[in-house]
Amino acid sequence: MSQTSPSATAPLIVIDLQTGMFDGVAEPPIHDAEGIADRARALIDWARRGGRKVAFVRHDGPVGDPLAPGEPGWPVWPALGQAANEPTFAKSVGDAFSNAALGEWVAGQGAGEVVLIGAQSDFCVAATVKGAFAAGLGVTVVSDAHSTLDTASETAPQIIARHNAAFADAGVNLVTTKALTGG
């Protein structure tokens, strides 16, 4: 793990940490849901204290999906404490940068880099890493602040570890919550 601090202008982007990822109503909660929420809150506080901007990305699933607009699982998880001035960018595919407004917002911060946390490691987080690179951005992923669900062939911790290794191989700056927040 590189443990390099991201640039001071790099905004924190919170990917798909929506109610349906935590409440267990339609699907099981993501792995270590309570820990992910705690670390996400610590990182959001860290960003705010440092004057960094924070944005939330919300997946808009198709009709009938637990993350479909208007469904109980769709809103950003309220326990994260999203502030009124922190934007939410919608997407319907994995890559958060598929919403051009997110890229414009990042550019508006004067940022050449982003800090990513969220769900799911093997889908939207991985796709957003690729999208950020394609947009010419540097990428920091907080290695213990993204999560997913078990599959038939791998546990969530195995998937997370595999993606952290792949992120590092791709040139992502990997850091831990503790390394960033000092907590």
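The values are calculated or read from the model by the stated rules, or taken from the named source; none is laboratory data. If you're wondering where the values come from, they're calculated on a predicted model, not measured in any experiment. The accessibility values were calculated without ligands, DNA or RNA, using every heavy atom of the protein model including side chains. Shrake-Rupley method; radii C 1.70, N 1.55, O 1.52, S 1.80 Å.
Annotations for the structure displayed:
- Restricting the search to strands (runs of 3 or more DSSP E) fully inside segment 77-183 and requiring at least 1 residues that are under 30 Å from GLY64 (Cα atoms) and open to solvent by less than 30 Å² (accessible area, probe 1.4 Å) gives 88-91, 113-119, 138-147.
- Among the residues examined, ALA8 qualifies as closer than 24 Å to ALA100 by Cα and assigned to a loop (DSSP other than H, G, I, E, B).
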